[in-house]
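Written below as structure tokens is the structure these notes are about.
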Amino acid sequence: MKIAVVGTGYVGLVAGTCLSNKGHHVTCIDKQDRIIDNLNQGIIPIYEPELAELVLRNKNKNRLKFTTDFASSVAEATVVFICVGTPPDAEGRADLSAVYKVAELIGKAIKGWTSVVTKSTVPVGTADKVREIISGVTDVEFEVVSNPEFLKEGDAVKDFNHPDRVVIGTRCEKAAALMETLYQPFVVNDKPIIVMDNRSAEFTKYAANCMLATKISFINEMANLAERVGVDIKQVRRGIRADVRIGPHFLYPGAGYGGSCFPKDVEALVQTGKDANYELRIMNAVQEVNQSQKEVLFAKVQQRFPDMKGRTFAIWGLAFKPGTDDMREAPSVVLIKSLVAAGAKVKAYDPKATERAKDELVGLEDSVSLLDNGEDCLVGADALIVVTQWDEFRVPSFDEMRESLKEPVIIDGRNMFSPSELEGLGFEYYGIGRGRSIKKM
Ligand SMILES: NC(=O)c1ccc[n+]([C@@H]2O[C@H](COP(=O)([O-])OP(=O)(O)OC[C@H]3O[C@@H](n4cnc5c(N)ncnc54)[C@H](O)[C@@H]3O)[C@@H](O)[C@H]2O)c1
């Protein structure tokens with residue numbers, strides 16, 4: 001099948017590549033020349049495990065192409081995926097200007113029946129609007145399908161290739177059948193392809209992300225209480241996750257959720273609620289808990305080091321989660337800005353996100369050094385703060401760490417290490433919800 005994918009970011013590049021890997025002829029389109037030039041030279045603009053190899057393999061087989069030439073690629077395609085960004089507008093609603101712009105261009109470009117698929121996360125009613133825009137500029141027949149994407153950065157290729165489910169929103173049998181043909185090779189082990197109407201499909205994506213964000217804020221709230229009443233949240237987690245009604249996923253306390261999806265999607269649904277005169281009280285609370293959770297690491301540092309002037313802190317991990325270079329809404333940025341405002345210096349390392357971190361930390365260059373490895377950050381630092389749980393941080397040499405740090409203090413924002421083991425090694429260890437309060441110095 002000939003497929004066009006508009007928007008070659010985290011979702012579009014992964015979707016286009018994985019579809020081409022099943023044998024389809026895919027053209028990925030982006031408005032940014034730089035992204036397309038790089039891809040045509042084999043340079044992958046984002047970090048995502050397994051992606052680079054797959055792009056190169058399918059590019060070499062001539063079934064994956066990259067272009068800024070919108071009209072001819074869309075004209076040739078039977079299915080056109082819209083994968084452009086839907087960032088928050090000034091009020092927190094999803095900004096749909098890129099989706100609508102692309103819809104108009106698709107309408108002007110199509111030559112025969114086309115399935116236009118919104119894969120971007122879009123609020124209820126967007127498919128109707130996209131249909132209206134396309135109808136306004138063409139007489140050619142088409143269908144609009146809502147096909148929200150559930151992949152997660154860091155596992156995007158794996159998730160796209162093995163989805164838990166595929167949601168297809170359309171009332172058109174022809175379009176539904178086409179989408180089922182497209183996705184059948186990806187669904188194994190009885191994982192479902194769920195066909196529903198457009199509006200329900202659009203809502204499903206927001207409901208899923210809001211549920212996941214709720215689980216994170218829930219466990220963070222439990223952790224904060226655990227800490228105050230001498231309870232270890234890790235043990236509590238073991239106790240609750242064994243309940244099949246609760247399950248083990250998304251119950252890791254930390255420095256708050258970030259990334260390009262949860263913060264914006266929770267807020268967008270809150271706005272949808274406002275527009276429908278219905279206040280989403282749980283989601284308001286989820287946001288409030290998350291906002292304060294992003295400040296928890298700084299509060300711990302401040303409690304241990306009340307005067308931060310002249311202090312230097314080592315930070316391990318900048319990306320909003322491991323496995324990605326995405327810095328959007330990363331808790332590390334909130335922490336670093338607070339440390340610098342308090343007069344501290346920062347030496348930070350991330351295996352993949354350093355380049356993107358530079359854009360988020362503009363103006364702080366005098367106080368923040370981004371280094372090439374975690375060990376160098378430790379030398380002469382007053383404490384280590386772990387913000388992102390990259391695998392390479394899991395088994396450090398604690399002996400060397402103790403030698404390098406000025407004071408053997410670890411503030412572990414992801415509960416990577418064992419408090420008792422580290423205390424046995426002579427460290428002062430502070431996790432999230434690990435049942436002990438920080439000593440005031
Ligand atoms: N990133 C994720 O993990 C994830 C997961 C599921 C769903 N989503 C949703 O998918 C959508 C895309 O997210 P993303 O993270 O891939 O965004 P992104 O910012 O990484 O990529 C979007 C791309 O679209 C391009 N673009 C914008 N306007 C264009 C136009 N008129 N013509 C051609 N290209 C255009 C941009 O240049 C950019 O490269 C969003 O709605 C997001 O909420 C993202």
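Residues 50, 267, 365, arranged from fewest to most other Cβ atoms within 10 angstrom of their Cβ, appear as 365, 50, 267.
Under a Gaussian network description of the chain, with springs only between Cα atoms under 10 Å, the residue in 293, 302, 235 that fluctuates furthest is 235.
With contacts taken as Cα pairs under 8 Å at a separation of at least 6 residues, the chain carries a relative contact order of 12 percent.
Sorting the segments 252-258, 111-117, 26-32, 419-425 by their residues' average number of neighbouring beta-carbon atoms within 10 angstrom, most packed first, yields 252-258, 26-32, 111-117, 419-425. Helix 51-60 and the longest principal axis of the C-alpha atoms of the chain enclose an angle of approximately 30°. For the stretch 309-398, trypsin sites (Lys or Arg not before Pro) are listed when DSSP marks them as loop and at most 10 other Cβ atoms sit within 10 Å of their Cβ; the list is 309, 394. Applying 1/(1 + (r/R0)^6) with r as the Cβ-Cβ distance of residue 276 and residue 135 and R0 = 41 angstrom yields a FRET efficiency of 0.95. For the chain, the longest principal axis of the alpha carbon atoms and the long axis of helix 262-275 meet at an angle near 60°.
Ordering 152, 234 from the fewest to the most neighbouring beta carbons within 10 Å gives 152, 234. Estimated from helices alone, the mean residue ellipticity of the chain at 222 nm is -13000 deg cm²/dmol (sum of -39500 (n - 2.57) over DSSP H runs with n ≥ 4, per residue).
Counting only alpha carbon atoms, the long axis of helix 281-293 and the longest principal axis of the chain meet at about 50°. Take every pair of alpha-carbon atoms less than 8 Å apart whose residues are at least six positions apart; their mean separation over the length of the stretch 242-441 yields a relative contact order of 22 percent. The distance linking the stretch 210-235 with the stretch 87-126 is 37 Å (Cα centroid to Cα centroid, whole angstrom). Overall, the anisotropy analysis places the stretch 123-262 in the prolate class: the square-rooted eigenvalues a ≥ b ≥ c of its C-alpha gyration tensor yield a/c not less than 1.5, with a/b exceeding b/c. When 149, 375 are sorted by how many other C-beta atoms sit within 10 angstrom of their C-beta, beginning with the fewest, the order is 375, 149.
We did not get these values from a lab; they are worked out from the coordinates using the rules stated. As the structure is a computational prediction, the values presented were derived from the model and not from experiment. Methodologically, a virtual Cβ is constructed for each residue, glycine included, from the backbone with ideal geometry; neighbour enumeration extends over all protein chains shown.
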